[in-house]
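Here's the structure, in structure tokens; my notes come after.
The values are calculated or read from the model by the stated rules, or taken from the named source; none is laboratory data. The model shown is predicted, which means the values in this text are computed figures rather than measured ones. Here the Cβ positions follow ideal geometry from the backbone for every residue, glycine too, while neighbour counts run over all protein chains shown. The accessibility values were calculated without ligands, DNA or RNA, using every heavy atom of the protein model including side chains. Shrake-Rupley method; radii C 1.70, N 1.55, O 1.52, S 1.80 Å.
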Amino acid sequence: MQQEPVPFERLESFLEKLGLTQQALAVLEPHREVFTSRQEAFGQFFLDYFLGIPRTRLILEQNHAAQRHKKALSHWFGALFSQDLDRRFLTYLWNSGVRHVQLSLDQRFVNLGYAVTRQFCQRLIQEQVPAPEREALTALVDRMLDFCVLAATDSFISMTSRCDREMIQGIAHQVRNPVTVIGGNIMRLLKKIPPDNPNRQAYETVLAENQRLERMVADIALYTEMFQGEPRPQPCSLVQALDRAVQHLREAGRLEGVRLRLELDPALPPVNLDPKDLEIIFAQLLENAAEAADKADPRVEVRSRPGRAPGFVEVEIFNTGPAPGPEQVQELLSPFSSSKPMGTGMGLPIAGLAARRGLGSLSLEAAPGGVRCLLNLPLAGGEAAGPA
Ligand code: HEM
């Protein structure tokens, strides 16, 4: 498992938010020895506690890890109370989280470990610190342990999402190659089969399903990438993003035969979204609407109006066709649920995720003669949208 770089900036911002400044840490200065003199006892206490839980006992007994962990915990406790919370310590703390992920340790046990550490520290303070100084010291130690929990959670999330991402990208890569080979061969075979051959239909079905699989792999990879990546919001023009998405879909032949009416107000203020997310939203929603539109009257209409809350704009994407019932609406917004035989069921979930990443929302509702997607997106600078 490759390691992520330690996210110093984020960890340092946690320190700042928790008020763990040099000045605040001065409260600890006269009492460091209360803790460092008990680091061996802490290691033993921690070990005994987790040997008492069947699952963690098994982990600690594996490869004789119990004694090593007792030593590691003593060292960690000593370091926490004798060192500055500098980058060296942050690296040490974060790497212990990485080690736990490598061991597939349930993060809930680690959090329990911090709760137990808190109890140990409170007892020490109660027994060894003069009464007038206890309250301030307890509050400081609590914040130090809160910080450790945040750092451990950070490394847990970073490492597990990296594992998930690598796994999904691996699957996507492994599936893509055979799918491409199958597609290429079927196309070659199809060219040799006359149109009236009774087997042609079967070949065409294999080809269509193969293309669906190809799109599914690409959609899942995109969804995972977006789910785990950090959005980079910035002011973007809705009209330009919509134009780009339309152009792209037209070039790919996905809007053929569809009557498109685009009624976004060109004077709309910019929205605050990651530009890639905004393009993905429009591309997915327009493609979805075009595919779902009534074949007898294939219409897709895009318009805007002020949002449901101040500082938001609402964009409506309407298509003709059968309207979903209330229970079907929720299903359609969840992955792998599609009303179209060749759909991947990922278009609406991807668009919904992209909207949520930008602190917006996506909903779906029946409309006279069809269905409409309602996008609520935040405006840059929190401006209120004027009428479209
Ligand atoms: C307050 C919570 C905890 C802290 C601060 C902590 C700290 C550490 C540290 C500093 C290491 C050494 C990392 C390295 O060598 O790079 C480590 C390793 C390890 N931890 Fe924890 N740990 C905690 C909770 C737990 C719990 C609850 C378990 C449950 C069994 C556990 C199991 C392990 C194991 C098995 C290792 C590897 C030991 C080895 O093979 O050398 N840890 N931990």
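At-a-glance table
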{"quantity": "Cross-link reach list, lysines versus Lys17, counting only Cα pairs under 20 Å and skipping chain neighbours closer than eight places", "calculated": "none"}
{"quantity": "Per residue convex hull volume, Cα atoms of the range 234-382, in Å³", "calculated": "103 Å³"}
{"quantity": "Förster radius 22 Å - calculated FRET efficiency between Ser363 and Ala309, Cβ distance, rounded to 0.05", "calculated": "0.95"}
{"quantity": "The range 79-170: projected area of the alpha-carbon convex hull, averaged over directions, in nm²", "calculated": "6.7 nm²"}
{"quantity": "Dipole magnitude (debye, nearest 20) for the chain, charges at Cβ of Lys, Arg, Asp, Glu", "calculated": "860 debye"}
{"quantity": "Calculated FRET efficiency for the pair Gln122/Leu262, C-beta based, R₀ 56 Å, to 0.05", "calculated": "0.30"}
{"quantity": "Potential extension, Ala252-Phe89 segment - 0.36 nm per residue separation minus Cα distance", "calculated": "53.4 nm"}
{"quantity": "Per-residue SASA entry for Thr138, accessible area with 1.4 Å probe, Å² rounded to 10", "calculated": "40 Å²"}
{"quantity": "Portion, in percent, of the accessible area of the chain that falls on carbon or sulfur, probe 1.4 Å", "calculated": "54 percent"}
{"quantity": "For the chain, convex hull volume per residue from C-alpha positions, Å³", "calculated": "206 Å³"}
{"quantity": "Full-stretch length increase - Ala202, Gln328 - with 0.36 nm per residue and alpha-carbon distance subtracted", "calculated": "42.2 nm"}
{"quantity": "Spherically averaged projected area in nm², based on the convex hull that wraps the Cα atoms of the range 8-83", "calculated": "6.5 nm²"}
{"quantity": "Cα gyration tensor category, rounded, prolate or oblate, for the range 132-178 with a/c compared to 1.5", "calculated": "prolate"}
{"quantity": "Gain on full stretching of the segment that runs from Gln228 to His173 - 0.36 nm per residue minus C-alpha separation", "calculated": "18.0 nm"}
{"quantity": "Per-pair calculated FRET efficiency, R0 = 35 Å: Arg10 and Arg215 via Cβ, rounded to 0.05", "calculated": "0.50"}
{"quantity": "For the chain: accessible area per residue (Å², 1.4 Å)", "calculated": "54 Å²"}
{"quantity": "Set of lysines with alpha-carbon distance to Lys295 below 29 Å, sequence-local pairs under 8 removed", "calculated": "Lys191, Lys340"}
{"quantity": "Gyration tensor verdict on the range 1-229 (Cα atoms; rounded if a/c is under 1.5, prolate if a/b is larger than b/c, oblate otherwise)", "calculated": "prolate"}
{"quantity": "Computed helical MRE - 222 nm, the chain, DSSP H runs ≥ 4 contributing -39500 (n - 2.57), nearest 500", "calculated": "-20500 deg cm²/dmol"}
{"quantity": "In Hz, Karplus ³J(HN,Hα) per residue of the range 300-312 (6.51, -1.76, 1.60; θ = phi - 60°; x = Gly, Pro)", "calculated": "10, 10, 10, 9, 10, 7, x, x, 6, 10, x, x, 10"}
{"quantity": "Modelled label reach - Glu40, point 7 Å along Cα→Cβ, the range 64-85 residues with backbone N closer than 13 Å", "calculated": "71, 74-75"}
{"quantity": "Inter-probe distance in nm under a simple model that places probes 7 Å from Cα toward Cβ, at Leu190 and Arg68", "calculated": "5.6 nm"}
{"quantity": "DSSP H segments from the chain that extend 27 Å or more along their own axis, Cα-based, with Kyte-Doolittle mean of -0.5 or above", "calculated": "107-128, 131-192, 200-228"}
{"quantity": "Total formal charge among the other residues, if their Cβ is under 11 angstrom from that of Leu105, Lys/Arg +1 and Asp/Glu -1", "calculated": "+2"}
{"quantity": "Dipole of the chain, positive direction: furthest Cα of Leu359, Gln67, Leu260, with charges on the beta-carbon", "calculated": "Gln67"}
